[in-house]
Amino acid sequence: MTPRGWAVLTLTALVVALLLASALLVPWHRPPAPRADQLAALRDLPVDQVARAREFRAALRPGSYGALLAGLLVALLLGLTPLGARLVELAGRPFGDHWIARAVLGGLAVVLVADLITLPFAAWRQSVLTRYGLSTHGWSGWTVDLLKSYAVSAVIGVVALLGFYTVTRLAPRWWWAFAAAGAAGLVVLLSFVLPVLVEPVFNRFTPMAQGPLRTELMAMAARDGVPVRDVLVADASRRTKAVNAYVSGLGPTRRVVVYDTLLSEATPAEVTSVVAHELGHAKQRDVAVGTLTGALGSAAAVVALYLLGSWPPLTRLAGVESVAEPRAFPLLIALVTVAGLVAAPAQALISRRVEARADAHALALTGDPATFEAMQRRLAGVNLADPDPPRWEYLWSASHPSTVERIAAARAYVREAGG
Ligand SMILES: [Zn+2]
């Protein structure tokens with residue numbers, strides 16, 4: 001069998017594995033609460049709060065979708081015309097067209113162009129956040145954050161580009177197999193190291209101060225059978241008024257993080273409710289499952305890129321001989337960008353189901369639906385979230401159930417527990 005034949009076989013196996021993983025590991029049996037219950041929850045929210053949140057979300061939309069569209073257009077322009085290949089050549093010229101210069105500098109140049117094109121939209125977003133009082137760090141803090149995120153992407157980018165183009169040179173026929181394994185390995189590695197290497201670049205993390213709240217949280221984790229070494233507090237208040245909490249990391253790097261804004265805004269009972277939700281993620285191993293599906297997905301993407309990228313009409317458009325050469329990097333970026341847009345609704349749907357399960361876990365663990373509902377109201381109020389966003393936007397990008405869905409789920413829990 002030819003390498004191409006093996007690639008088709010491998011891609012089929014990876015897609016089947018992905019479908020199996022999402023069929024078995026995503027909690028599909030937990031559909032959102034009935035629409036009538038959601039609308040009842042919406043009617044109970046303060047009218048002016050809902051109006052202000054909707055105004056804020058509408059103000060963000062031109063920037064968000066403008067960035068999306070501009071990013072797509074520049075990716076297609078560079079990837080499906082010889083312009084991108086020209087840019088890669090240009091980056092390598094001062095270094096005698098050496099392949100490493102083309103691979104690394106050319107690759108970074110392509111990413112930088114896309115970043116610069118979307119920069120005005122990011123600035124627009126920041127100005128809206130400031131106008132509505134959500135951002136606290138001003139333009140200097142925003143710029144520093146931006147430069148830091150460019151630096152982090154550049155480091156990860158250099159490793160990925162150098163690794164990928166070394167493999168395409170060493171194994172011209174079988175590079176896709178090594179690259180697929182490498183991409184999957186990189187996803188797993190990043191899940192481990194992001195909390196300890198990358199998150200501290202942007203925030204300071206300190207163990208939660210000793211006191212009744214910490215004691216309560218640790219006792220709850222123990223009761224839940226989720227070993228938690230510590231609850232960490234992130235100094236999110238340096239950039240935002242928004243409140244949040246999350247779990248990240250795997251095994252020895254797993255941690256529960258709460259924003260300091262959450263501690264100052266919410267009551268201790270509400271913080272407990274939020275941490276109970278995060279314990280749900282930890283208990284169900286959502287980070288590990290997300291990493292596994294991410295690894296399978298990236299491996300499948302590499303094999304698909306190999307197969308699609310050796311399709312002559314595409315390589316002709318990009319003005320390259322083979323998808324494996326650094327000059328074809330913009331073509332890869334174009335294909336990845338389109339695939340990302342196509343996959344977004346499916347990713348959002350899976351994320352919402354996983355989040356709904358963590359909510360159910362929080363309700364069962366605390367047995368306190370009233371506080372859960374109060375916390376959802378507060379989250380929506382402080383973060384200026386539209387409690388019932390437009391359907392198309394919800395289906396396209398909502399990573400969490402809407403506020404009215406979460407409140408309706410809490411009320412359904414009361415009915416079920418009482419009846
Ligand atoms: Zn969550």
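The values are calculated or read from the model by the stated rules, or taken from the named source; none is laboratory data. Because the structure is predicted, anything quoted here is derived from the model rather than measured. Every residue, glycine as well, gets a Cβ built from its backbone with ideal geometry; the counts of neighbours run over all protein chains shown. Ligands, DNA and RNA are stripped out before the accessible areas are found, and what is left, the full protein with its side chains, is counted by its heavy atoms. Shrake-Rupley method; radii C 1.70, N 1.55, O 1.52, S 1.80 Å.
For the pair ALA364 and ALA13, a Förster radius of 35 Å applied to the C-beta separation gives a FRET efficiency near 0.40, rounded to the nearest 0.05.
Can you tell me how region 51-134 classifies by the Cα gyration tensor, rounded, prolate or oblate, using a/c under 1.5 as the rounded cut? In terms of gyration-tensor shape, prolate. Against the longest alpha carbon principal axis of the chain, how many degrees, from 0 to 90 and to the nearest 10, is the axis of helix 329-366 turned? Orientation of helix 329-366: about 20 degrees from the principal axis.
Have a look at ARG254, ARG131, ARG238 and tell me which one the Gaussian network model of the chain (Cα, springs below 10 Å) gives the largest fluctuation. The residue that fluctuates most here is ARG131. Just so you know, the averaged projected area of the alpha carbon convex hull for region 140-216 sits at 7.6 nm².
Starting from the Cα-Cα distance between MET1 and TRP139, subtract it from 0.36 nm times their residue separation and give me the gain in nm to one decimal. Walk me through the intermediate numbers first.
On the way: separation 138, 0.36 × 138 = 49.68 nm, distance 5.77 nm.
Length difference between fully extended and current span is 43.9 nm.
What's the ranking of 303-316, 72-85 by average number of surrounding C-beta atoms within 10 Å, highest first?
Values: 303-316: 15.9, 72-85: 20.0.
My ranking of the peptides, most packed first, is 72-85, 303-316.
Roll a 1.4 Å probe over the protein chains and send me the accessible area per residue for the chain in Å².
On the way: 20300 Å² over 419 residues.
With all protein chains present, the chain gives 48 Å² per residue.
Evaluating kT/(6 pi eta Rh) at 37 °C and 0.692 mPa s, with the Kirkwood radius of region 356-419 over Cα pairs in the Stokes-Einstein relation, gives 267 µm² s⁻¹.
Label-to-label distance for VAL152 and MET218 is 2.9 nm, based on points extended 7 Å past Cα in the beta-carbon direction.
Could you sort 177-189, 267-279 so that the peptide with the highest average Cβ count within 10 Å comes first and the rest follow in order? Can you show the working numbers first?
Details: 177-189: 18.7, 267-279: 22.2.
Taking the mean over residues of other Cβ atoms within 10 Å, the ranking is 267-279, 177-189.
Of all DSSP beta bridges located in region 216-353, what percent are antiparallel, nearest 5?
Values: 4 of 8 bridges.
So the antiparallel bridges amount to about 50 percent of the total.
Extending each Cα 7 Å along its Cβ direction at TRP99 and GLU321, get the distance between those two points in nm, one decimal. Distance between the two pseudo-spin positions: 1.1 nm.
Its convex hull of Cα atoms gives region 158-289 a direction-averaged projected area, equal to a quarter of the hull surface, of 9.4 nm². Our note on the geometry: Cα centres of region 13-38 and region 83-112, 42 Å apart.
Write down the percent of antiparallel bridges among all DSSP beta bridges whose residues are both part of region 225-288, to the nearest 5.
Values: 4 of 8 bridges.
Of those bridges, close to 50 percent are antiparallel.
What share of the DSSP beta bridges in the chain is antiparallel, in percent to the nearest 5?
Details: 8 of 12 bridges.
Taking every DSSP beta bridge with both residues in the chain, the antiparallel ones total about 65 percent.
For region 46-85, what is Rg from Cα atoms divided by 2.2 N^0.38 Å, rounded to two decimals? Working shown, then result.
Numbers: Rg = 17.0 Å, N = 40, 2.2 N^0.38 = 8.9 Å.
Scaled against compact globular proteins, the figure is 1.91.
The Rg/Rh ratio for region 238-312 is 1.23, where Rg is the radius of gyration of the alpha carbons and Rh is the Kirkwood radius. Between ALA40 and LEU341, the distance separating the two model label sites (each 7 Å from Cα on the Cα→Cβ line) works out to 4.1 nm. Within the accessible area of region 146-274, the carbon and sulfur atoms contribute 68%, probe 1.4 Å, all protein chains present.
Give the shape of region 10-85 as rounded, prolate or oblate, defined through the alpha-carbon gyration tensor: a ≥ b ≥ c are the square roots of its eigenvalues, a/c under 1.5 means rounded, and otherwise the shape is prolate if a/b is larger than b/c and oblate if not. It comes out oblate by the Cα gyration axes. You can think of it this way: the chain between ALA171 and LYS283 has 36.2 nm of extra reach, that is 0.36 nm per residue less the Cα-Cα gap.
Per DSSP H run of at least 4 residues, take -39500 (n - 2.57); add these up for the chain, divide by its residues and hand me the 222 nm value, nearest 500 deg cm²/dmol.
Rounded to the nearest 500, it is -24000 deg cm²/dmol.
If a/c stays under 1.5 just call it rounded; otherwise compare a/b with b/c (prolate if a/b is bigger, oblate if not). Do that for the chain, with a ≥ b ≥ c from the square roots of the Cα gyration tensor eigenvalues. Taking the square roots of the gyration eigenvalues as a ≥ b ≥ c, the chain is prolate.
Just so you know, the Rg over Rh for region 260-392 is 1.18, from Cα atoms, with Rh as the Kirkwood radius.
Note on region 158-198: Kirkwood hydrodynamic radius from all Cα pairs is 10.9 Å, rounded to one decimal.
For region 362-419 versus region 256-326, the spacing of their alpha-carbon centroids is 24 Å.
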